[in-house]
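Down below is the structure, laid out as structure tokens.
The values are calculated or read from the model by the stated rules, or taken from the named source; none is laboratory data. Everything numeric here is computed off the predicted structure, so don't read it as measured data. With ideal geometry, Cβ positions are generated from the backbone for all residues, glycine too; neighbour counts draw on all protein chains shown. Surface areas here come from the heavy atoms of the whole protein model, side chains and all, with no ligands, DNA or RNA. Shrake-Rupley method; radii C 1.70, N 1.55, O 1.52, S 1.80 Å.
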Amino acid sequence: MTDDHLDIKTPEYVAIQFQIAGLGSRAAAFIIDQALLMIINILTIVILFFIMGGMETSPFFLTESTFPIAVVVIGLFVLNWGYFFFFEFFSGGRTLGKKVVGIRVIQENGHSITLLSSFIRNLVRLIDSLPTAYFLGIIMIFFHPKHKRLGDLVAGTIVVHERKAKKKKKFTPIEKEINLRGITVNDLELDDWTLKSFTAKDWKLVSTYASRFHQLPVEERNRLTKQITDLLLPKTGIDVIGKTETELENTLLVLYLNLKDEWEFEL
């Protein structure tokens, strides 16, 4: 089946889009959860075996006292049902399996799952598991347009893929240098006529200077800075006489920012 999406509009009229989790991702998460629960169940039974007499009791289910067995059976039922209820409510709609796969349960309005929704959704899980191996739930998820099982329909929930956080922008070395110096594009006010006086050749010269800024030895960089400022700054009307090397560098870097907005996507 093709990927489906859920569009939700918040009260602030901001549209949020979620990708609905299909049968494959939900099955993978469920298998992980069941494998974890199976390990816990086996360990619990093994511990019970040793508590009730170990190897000397054969079989241990036929011992005189069945109270420990009853407690364990009830405990395992609560564990296997409560696992999904607990994690989905207290962990933002994600069991351990869902975290691994990257999916979560939310309400249809885009809000986090509520205590009542989690309770209803997992209570109906007993019906979804009928007649065996979650057959009813699988059929529902496969054929429902929003990949919902019966528990989702009753609780008003939906399973979606986690929204990936936007990666932080990686700054180039020259961008880091500009930020470190506190330089902004507004430090040099250029009117449209002045900007139009700079050619593609000028932009290439300034951009090459910026890209090689950290690679050049100080003496060579100072010499190159002087040559470029003598060539380009007269177009801006800026007097370079009396300016220090740092001031000239800053001026060229501001010019770089201005020309970048003008030329970066033109070439």
Using the Karplus curve 6.51 cos²θ - 1.76 cosθ + 1.60 with θ = phi - 60°, work out ³J(HN,Hα) for each residue of the stretch 190-203 in order, rounded to whole Hz, and write x for Gly and Pro.
10, 7, 4, 5, 5, 4, 5, 6, 7, 9, 4, 5, 5, 4
Any idea of residue 104's accessible area? Nearest 10 Å², probe 1.4 Å.
60 Å²
Round to the nearest 10 and report in Å² the accessible area of residue 199, as given by a 1.4 Å probe over the protein chains' heavy atoms.
60 Å²
Please identify, among 89, 119, 213, the residue showing maximal mean-square fluctuation in a Gaussian network model of the chain using a 10 angstrom Cα cutoff.
213
Enumerate the amide H contacts of residue 94 below 5 Å, restricted to partners 5 or more residues apart or on another chain; note that Pro and chain-start residues carry no placed amide H.
105
Ranking 185, 34, 211 by how far each Cα lies towards the positive end of the charge dipole of the chain (+1 on Lys and Arg Cβ, -1 on Asp and Glu Cβ), the top one is 34
If you take the charge dipole of the chain about its Cα centre, with +1 on Lys and Arg Cβ and -1 on Asp and Glu Cβ, which of 111, 81, 16 is farthest toward its positive end?
81
On a 27 Å Cα-Cα criterion, which of the cross-link pairs 98/148; 170/226; 146/170; 204/235; 170/243 come out too long?
170/226; 146/170; 170/243
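Could you please tell me the mean projected area of the C-alpha convex hull for the stretch 184-267, averaged over all directions and given in square nanometres to one decimal?
Its average projected convex-hull area is 5.3 nm².
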Semi-axes in Å, largest first, for the stretch 104-251 (Cα gyration tensor, √(5λ)) are 66, 16, 14
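Rounded to whole Å and sorted largest first, what semi-axes of the equivalent ellipsoid does the C-alpha gyration tensor of the chain yield via the square root of 5 times each eigenvalue? Walk me through the numbers before you get to the answer.
Details: eigenvalues 929, 119, 41 Å².
In descending order the semi-axes read 68, 24, 14 Å.
Under the definition of Cα pairs under 8 Å and six or more residues apart, what whole-number percent is the relative contact order of the chain? Don't skip to the end; give the middle numbers.
Working: 258 pairs, mean separation 42.3, N = 267.
It comes to 16 percent, rounded to a whole number.
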Cut-off under 5 Å, modelled amide H: who pairs with residue 6 long-range:
18, 19, 20
Please report, in debye to the nearest 20, how large the charge dipole of the stretch 108-158 is about its Cα centre when each Lys and Arg carries +1 at its beta carbon and each Asp and Glu carries -1 there.
40 debye
Note to self: C-alpha centroids of the stretch 198-225 and the stretch 174-195 sit apart, in Å, by 15 Å
